[in-house]
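The values are calculated or read from the model by the stated rules, or taken from the named source; none is laboratory data. From a predicted model like this one, the values you see are computed outputs, not experimental measurements. Cβ: placed from backbone, ideal geometry, glycine included. Neighbour counts: every protein chain shown.
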Amino acid sequence: MMNNLLVLPMLLPIIVGVLLIFLRTYGRIQAWISLIAMALTASISGFLLQQVQMDGIIRLDFGGWEPPFGILFVADSFAVLLVLTSSIVTAICLSYALISTSKELQTMYFYPTVLFLIAGVNGSFLTGDLFNLFVCFEVMLLSSYVLLTLGNSKRQLREAIKYVSINIVSSWFFLVALAFLYGAVGTLNMAHLADRVAEVGQTPLLTTISIVFLVVFSLKAGLLLYFWLPGSYSSPPIVTSALFGALLTKVGIYALFRVFSLIFHHQPEITHTIIGIMAALTLIGGSLGAISFNDLRSIAAYNVVVAVGFILVGLAIATPAAIEGSIYYIIHDMVAKALLFLLIGTMITLSGTSKMAGMSGLMKNYPLLGWSFFIAMLSLAGIPPLSGFIGKVLISSAAIDNGSYVLLALSLLSSIFVLYSLLRVFKNCFWGETIVSKEEQLPLRRGVLIPCLVLVGLTILIGLGTESMSPYVSGAAETLVNPSIYIDAILGKIQ
């Protein structure tokens, strides 16, 4: 019975999403139903996390087919932590949408599409075989194509064409890699794959296949191949940008962690070195992008790129402490990026422009917005006691222990660049002469800052509550560092 709960984080959003298609004209009802669905999904994920902590990895075999033959969902701490965080962040973004989106957007299937998106995201985290990962990726991507084009700007269409073409190509590569892998090893069940690859040894062919996977997942995560990301993440309506920034890259990152810690970890001098080089170049590119733009949404999008590079430094080092740091940082980044995009969206709505030059002195009229932005900035720069701090410390100390000084230097420098890029926004947009007098200022919509304040509260809570999160995160890191735990949980009863 317990195992059947595993399918709900994916099934519930799909069922509710289909239902909402029939309620197209009722914007507010759609919003409330989807909020309740996400709250339910989050509570189920929380319950599953407790169960995994108590009883170890849970698996659900669909149709009673035992692995490695059937399709299965696997819940380990890493997957469920991410499902829980993404469900909470989605719920908060949806509440922002309820307060702020236009009537037009609400009746254009916005809510059902968001629910299909989160179904794809949660399915990607929970699936136990690579072909199913491909299917869940596609569910997520199809929804993101729709969300990217909802709205009516020319720029959106241009970015959407780029985004769709790149993802179609990368999905094709994904299928090719799956075909070769199946040809070489004869299975696509992740635990069985890990077992087989460990048995036969990671041959040059398998290492080559692993590099194709690395390219595919890097395209999805925005690791080095992020040329499509800043445009796609900065052109759609702001709630969509917040969801993209918080969730989409994390699915690619999750796939990289899962595949390169479970299946292809036998040739780290090749695979993990390449990941390290890509992470380093991503940190450099993202940092330069973040400080070179004057458009707020582009600055936020390049901050997403910097975070991707930083999280994958942990995978490149691949010690238990580094992996633990990455997991903390993924959770922090989901919350903090959603917060950054929502705050920037609110600023753009108030000033009618996304250029830094068009804003000044917002602090005087909207102090709460200003201080929320200030906390988001400190959190993203990794200042204690906020949520970004613990991940930075763990990854940095792991880099020192491992002798990866170049990665360490780049990681710390990127934090300074992130801080500088956001301080520029803070100084130019919130301080200085206010352009708008008290009488002329646009009133903030009632309650529009509540979702942002909840996220501010979350980033502080995660930072202060690191100790209570620690058993879950170290459990997740342990499963990633010792593949045998995962393999035994899936195949143990059969062998």
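For the residues S218, S241, the requirement of being in contact with a Leu (Cβ under 6 Å, 6 or more places away or on another chain) and farther than 19 Å from S396 by Cα singles out S218.
Yes/no matrix, rows are residues, columns are (1) at pLDDT 95 or above; (2) crowded, with 24+ Cβ neighbours inside 10 Å:
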site	(1), (2)
I274	yes, no
R297	no, no
F310	yes, yes
S326	yes, yes
K337	yes, yes
T353	no, no
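Looking only at region 128-164, residues that are within 21 Å of the chain's Cα centre (by Cα) and either assigned to a helix (DSSP H, G or I) or modelled with pLDDT of 95 or more (or both) come to 25 in all. Suppose we filter region 1-56 for residues that are small (G, A, S) and not in a helix (DSSP H, G or I); how many remain? Residues meeting the conditions: 1. Of the residues making up region 285-315, those that are more than 10 Å from P230 (Cβ to Cβ) and among the β-branched types (V, I, T) are I291, V306, V308, I311, V313. Report yes if some residue within region 186-198 is of a type outside the set (A, V, I, L, M), modelled with pLDDT under 95 and farther than 14 Å from F131 by Cα; otherwise report no. The answer is yes; a qualifying residue exists.
Is it the case that K162 is among the basic types (K, R) and either in contact with a Phe, Trp or Tyr (Cβ under 6 Å, 6 or more places away or on another chain) or surrounded by 21 or more Cβ atoms within 10 Å (Cβ to Cβ) (or both)? Judged against the criteria, K162 is a match.
If you go through region 349-399 and pick out every residue that is of a type outside the set (A, V, I, L, M, F, W, C) and not in a helix (DSSP H, G or I), you end up with 11. Condition first: in a helix (DSSP H, G or I), within 22 Å of I118 (Cβ to Cβ) and in contact with a Leu (Cβ under 7 Å, 6 or more places away or on another chain). Can you find one or more residues in region 62-74 that meet it? Taking every residue of region 62-74 in turn, at least one turns out to be in a helix (DSSP H, G or I), within 22 Å of I118 (Cβ to Cβ) and in contact with a Leu (Cβ under 7 Å, 6 or more places away or on another chain). Contact map, region 196-225: residues that are without any contact (Cβ under 8 Å) to a residue 60 or more places away in the chain paired with residues that are of a type in the set (S, T, Y), Cβ distance under 6 Å, separation 6+ or inter-chain. Pairs shown: V216/S170; L219/S170; L225/S218. Exactly one residue among I311, I299 is hydrophobic (A, V, I, L, M, F, W, C), over 15 Å from the mean Cα position of the chain (by Cα) and closer than 22 Å to L419 by Cα, and that residue is I299.
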